[in-house]
Amino acid sequence: IEPPLETKTSYQPGDTLECGLILFGEVNRMLPYFIHAFEEMGRIGLGRRGAEGRAGNYCLIKVTSGNRLLYSPADGRLKVGETIEDITLAPVRHENFSDCIRLDLETPLRFKKEGRLSDGLTFETLVRLMLRRASSLLEAFDGREPELDYRGLIARAGTVAAGPCEVRWTDWERYSNRQRQRMQLGGLTGAISYQGRLAEFMPLLEFAKKTHIGKQTSFGLGKIVFESL
């Protein structure tokens, strides 16, 4: 679940809250159940309980994929069709390559290095995270690991230099009803630039942009975007 990219945590009657939902492989066939769950959650209530002891209620307005409407409670019909995107490590056209990119960490990125949560992001570390994500997802939902030169990619990633860095650690806390305790899920946010031979890493970057990287991705963490400089 991708949370809204805003800092507000209090919503008033009439406000709109928009979030993203990423499903992989055969799980896409279960989209109707997810929609039903979101509608039921709106009836039950979401968030902290107010002065009256009730959580906030909401109604589902619509479900879209890109610019296409998939579902609205008005007609109650799900229009899936051929909307499922095939996420692969496909090559990127060479004219789109750049020797310098800016990477933005839109939601906290959590990962461990040498057994500890890390607060630095070299390009080599980034490539390791992207390889791990691609390998695990493709093995789980495509039945095979990608045919990649893991050692070579990691070695060549070490030659890519990090430029201006605006990365910082951001604390984020959530409450687990199941475990009945508060949990710290902070991570790196901000932006960092990289410069070097980036062409062969573009498929990994495009893959990671769509699938997130790092730990707790199911909570929407590890969302990245990038642009050429």
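The values are calculated or read from the model by the stated rules, or taken from the named source; none is laboratory data. Here the structure is a predicted model, which means the values were calculated and not measured. Glycine gets a Cβ as well: all are built from the backbone with ideal geometry, and neighbour counts include every protein chain shown. Heads up: the accessible areas ignore ligands, DNA and RNA and are worked out on the full protein's heavy atoms, side chains in. Shrake-Rupley method; radii C 1.70, N 1.55, O 1.52, S 1.80 Å.
Just a few scattered comments:
- Averaging the sequence gap over all C-alpha pairs within less than 8 Å and six or more residues apart, then dividing by the number of residues, gives the stretch 134-211 a relative contact order of 28 percent.
- Difference of contour (0.36 nm per residue) and Cα-Cα distance, Ala199 to Tyr175: 4.5 nm
- Value of D in µm² per second that Stokes-Einstein yields for the chain, Kirkwood Rh from Cα pairs, at 20 °C (1.002 mPa s): 108 µm²/s
- Cβ-Cβ FRET estimate between Asp75 and Glu26, R0 fixed at 22 Å, reported to 0.05: 0.25
- Applying 1/(1 + (r/R0)^6) with R0 = 30 Å to the Cβ-Cβ distance of Glu147 and Leu185 gives a FRET efficiency near 0.35.
- Alpha-carbon Debye profile of the stretch 33-87, log10 I(q)/I(0) at 0.30 Å⁻¹: -1.19
- Restriction of the trypsin sites (Lys or Arg not before Pro) in the stretch 7-82 to DSSP coil positions whose beta-carbon has at most 11 other beta-carbons within 10 angstrom yields Lys8, Arg48, Arg49, Arg54, Lys62, Arg77.
- Unit charges on C-beta of K, R, D, E only; dipole of the chain, Debye: 840 debye
- Computed on protein heavy atoms with a 1.4 Å probe, the accessible areas place Met183, Met202 in the order Met183, Met202, largest first.
- Computed helical MRE - 222 nm, the chain, DSSP H runs ≥ 4 contributing -39500 (n - 2.57), nearest 500: -7000 deg cm²/dmol
- Computed FRET value (nearest 0.05) for Cys59 with Arg132, which takes r as the C-beta separation and R₀ as 35 Å: 0.35
- Trypsin sites (Lys or Arg not before Pro) restricted to DSSP loop in the stretch 179-216 with at most 11 other C-beta within 10 Å: Arg180
- Assuming charge only on the beta carbon of Lys and Arg (+1) and of Asp and Glu (-1), the dipole of the stretch 22-91 about its Cα centre is about 340 debye to the nearest 20.
- When the alpha-carbon atoms of the stretch 184-229 are used, the pair Rg, Dmax equals 12.0, 36 angstrom.
- Normalised contact order of the chain, rounded percent, pairs of Cα under 8 Å and 6 or more residues apart: 25 percent
- Shown here for the stretch 13-115: GluC sites (Glu not before Pro) in loop regions (DSSP other than H, G, I, E, B) with at most 16 other Cβ atoms within 10 Å, namely Glu18, Glu52, Glu82, Glu85, Glu114.
- Prolate/oblate/rounded call for the stretch 26-162, Cα gyration tensor, a/c under 1.5 rounded: prolate
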